[in-house]
């Protein structure tokens, strides 16, 4: 049993190296030989081991990263769709459109025009305050997280989660009751992208220790958090944050606590389309 556990941990560590290579080159996916070499597996067996540990194929991991980056570029940037397609590593706009529509349900140009999937058609005034969410004030428990630090733009934290979940899966730590939580330590509008810090985490029991890049982070219990539930692609969360901080918080009479904002991911982005992804934005409050 001990030997089997050691093998599982070793396999997970090696697959995480392949994931890091995919994350470093989202627009230029590594070849099978490069990935197998990074993970120290034979190319004949690499795909099977990867799929069992990651829950998806390397191509699916790479496609998810590419399309998430493209969705961010469509919403935040002014580049033409053809340029977004090129930056995402697609050989033509037509190929990009087919891939994007297959996952997001609408073509990239329509996605940009709508302002995303998580909102109705944008008002003609462009008034963000006309977009409303529901905020619930509730307690939030203390958590013990296995965490992996991500440095850089927040939309890139998915790669850290991929590596972290491979680490956890290889150790038998991921199950139906596992909670996936991210801690965001900086304000992306006042800190340069390269300097942003965040932690990808999942809940672990007391006996689990950190290892290598993975460390244990204990978050305190909060008597009150402002919880905003968002349904839709992660690329669209920034608008929910803008409403929470710009509209709800000033009018609420509340004060944020001296603690980072958190996100809890409530379903599996690998098995559901982006329109169905559920995220709780959790803002700790004083009092």
- Test residue 65 against the stated conditions and say whether it is free of Cβ contacts under 8 Å to residues at least 60 places away in the same chain and either over 22 Å from residue 175 (Cβ atoms) or assigned by TED's automatic domain parsing to the domain that holds residue 273 (or both). no
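Do the conditions hold for residue 162, that is, is it assigned to a loop (DSSP other than H, G, I, E, B) and surrounded by 14 or more Cβ atoms within 10 Å (Cβ to Cβ)? Break it down stepwise before answering.
On the way: assigned to a loop (DSSP other than H, G, I, E, B): no; surrounded by 14 or more Cβ atoms within 10 Å (Cβ to Cβ): yes.
No, not satisfied.
Given the structure, is residue 268 out of contact with any helix residue (DSSP H, G or I) (no Cβ under 9 Å at 6 or more places or on another chain), exposed (fewer than 15 other Cβ atoms within 10 Å of the Cβ) and closer than 21 Å to residue 189 by Cα? It would help to see each step written out before you state the result.
Details: out of contact with any helix residue (DSSP H, G or I) (no Cβ under 9 Å at 6 or more places or on another chain): yes; exposed (fewer than 15 other Cβ atoms within 10 Å of the Cβ): yes; closer than 21 Å to residue 189 by Cα: no.
No; evaluated as a whole, the condition is false for this residue.
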- Task: Could you look through segment 188-198, keep only residues that are within 20 Å of residue 282 (Cα to Cα) and within 17 Å of the chain's Cα centre (by Cα), and pick out the one that is surrounded by the most Cβ atoms within 10 Å (Cβ to Cβ)?
- Result: 198
- Query: Which residues, counting only those in segment 78-109, are within 20 Å of residue 28 (Cβ to Cβ) and assigned to a loop (DSSP other than H, G, I, E, B)?
  - Reply: 79, 88, 89, 90, 91, 92
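The values are calculated or read from the model by the stated rules, or taken from the named source; none is laboratory data. Since we're looking at a predicted model, the values are computed, not measured. Glycine also receives a Cβ, built like all others from the backbone with ideal geometry; neighbour counts cover every protein chain displayed.
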